[in-house]
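**Q** The structure follows.
The values are calculated or read from the model by the stated rules, or taken from the named source; none is laboratory data. It should be emphasised that the depicted structure is a prediction, and the values quoted were computed from it without experimental measurement. Here the Cβ positions follow ideal geometry from the backbone for every residue, glycine too, while neighbour counts run over all protein chains shown.
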Amino acid sequence: MRQLFIVLLVCFATFFTTVGFAQQLKIGVVNVGLLLEQTPQAKAASKSLEKEFAPQQAQLTRLVQQMEKKQKNFQKNKLVMSESQLQFSQREIEVLNRDMQRKKNDIQELVNIKRNEKLVSLQNVVNQAIKEVGKQEKLDLILYEGIAYTNNRLDVTKKVLEHLKKKYRK
C-alpha cells in the first residue's frame, strides 16, 4: 500500500512539474513557405532570374514564331507542292520543332538549376532571420513544416518577414 502511495505521489509530482514547465516554455510558429514567397529577397531573386534568362526566352519565342510561319505556309501551299517539296517542308518543320523543344528543355533545366541555387541561399537567409527573431522575442522553440493548426498568437511569420524586409533595405 505504501509503495502504491509513493508511486502515485511521484506521478502527481511529475505531472505538475511538466505542466509548470510547459507553461514557461515560449513557443513560436513560422510559415516558411509564405516567407519564401513574400520576402523582398525572394522577389529580387525572381526578377534576377527573369532578367538573366530573358535573351534565351526571346530566342525561343522567335523559334516558335518561325515554326508557326512555316506551318502556315505549308498548310497554305501544300496542295500545289510536289511530293519532294512536301517531304522537304515537313522535314524542315519537324527539325525546327525538335530544335525548339530541345531549346525549351535546355532553358528550363538551366532556370531550374539557378532557381534551386537561389532557393538554397534564400533558405539560409530565412533560417538566420528566424533565429534572430527567436532570440529577440526570447522564444524557446520555433516550429515550422507540418503544423496542422496553430493559434495566431504563436505565429511569428510577420515578425520574421518584417525582419527580412529591414535587412533587405540595408
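**Q** In the list 69, 43, which residue meets the criterion of being within 28 Å of residue 163 (Cβ to Cβ) and either modelled with pLDDT of 90 or more or not hydroxyl-bearing (Ser, Thr, Tyr) (or both)?
**A** On the way: 69 fails: within 28 Å of residue 163 (Cβ to Cβ).
That would be 43, the only listed residue that is within 28 Å of residue 163 (Cβ to Cβ) and either modelled with pLDDT of 90 or more or not hydroxyl-bearing (Ser, Thr, Tyr) (or both).
**Q** Every residue in region 58-107 that is hydrophobic (A, V, I, L, M, F, W, C) and in contact with a helix residue (DSSP H, G or I) (Cβ under 9 Å, 6 or more places away or on another chain), please.
**A** Matches in region 58-107: 60, 63, 64, 67, 74, 81, 86, 93, 96, 100, 107.
**Q** Any residue at all in region 41-57 that is surrounded by fewer than 15 Cβ atoms within 10 Å (Cβ to Cβ) and within 30 Å of residue 153 (Cβ to Cβ)?
**A** yes
**Q** Right, next: Just give me the residues in region 128-170 being surrounded by fewer than 13 Cβ atoms within 10 Å (Cβ to Cβ) and farther than 18 Å from residue 36 by Cβ, in sequence order.
**A** Residues satisfying the conditions are 135, 136, 138, 140, 141, 148, 149, 151, 152, 153, 169, 170.
**Q** Among all residue pairs at least 6 apart or on different chains, which show Cβ distances below 9 Å where the first residue, located in region 144-156, is at positive phi and the second is surrounded by 12 or more Cβ atoms within 10 Å (Cβ to Cβ) and not polar (S, T, N, Q)?
**A** Pairs found: 145/32.
**Q** Checking the conditions here, which among 125, 80, 120, 95 is within 30 Å of residue 27 (Cα to Cα) and surrounded by fewer than 12 Cβ atoms within 10 Å (Cβ to Cβ)?
**A** Every option except 120 fails the conditions.
**Q** Can you name every residue in region 55-93 that is without any contact (Cβ under 8 Å) to a residue 24 or more places away in the chain and within 25 Å of residue 110 (Cβ to Cβ)?
**A** Hits for region 55-93 are 55, 58, 61, 62, 65, 68.
**Q** May I ask you to verify whether residue 113 is assigned to a helix (DSSP H, G or I), aliphatic (A, V, I, L, M), exposed (fewer than 11 other Cβ atoms within 10 Å of the Cβ) and at pLDDT 90 or above?
**A** Considered against the rule, which asks whether it is assigned to a helix (DSSP H, G or I), aliphatic (A, V, I, L, M), exposed (fewer than 11 other Cβ atoms within 10 Å of the Cβ) and at pLDDT 90 or above, residue 113 comes out as yes.
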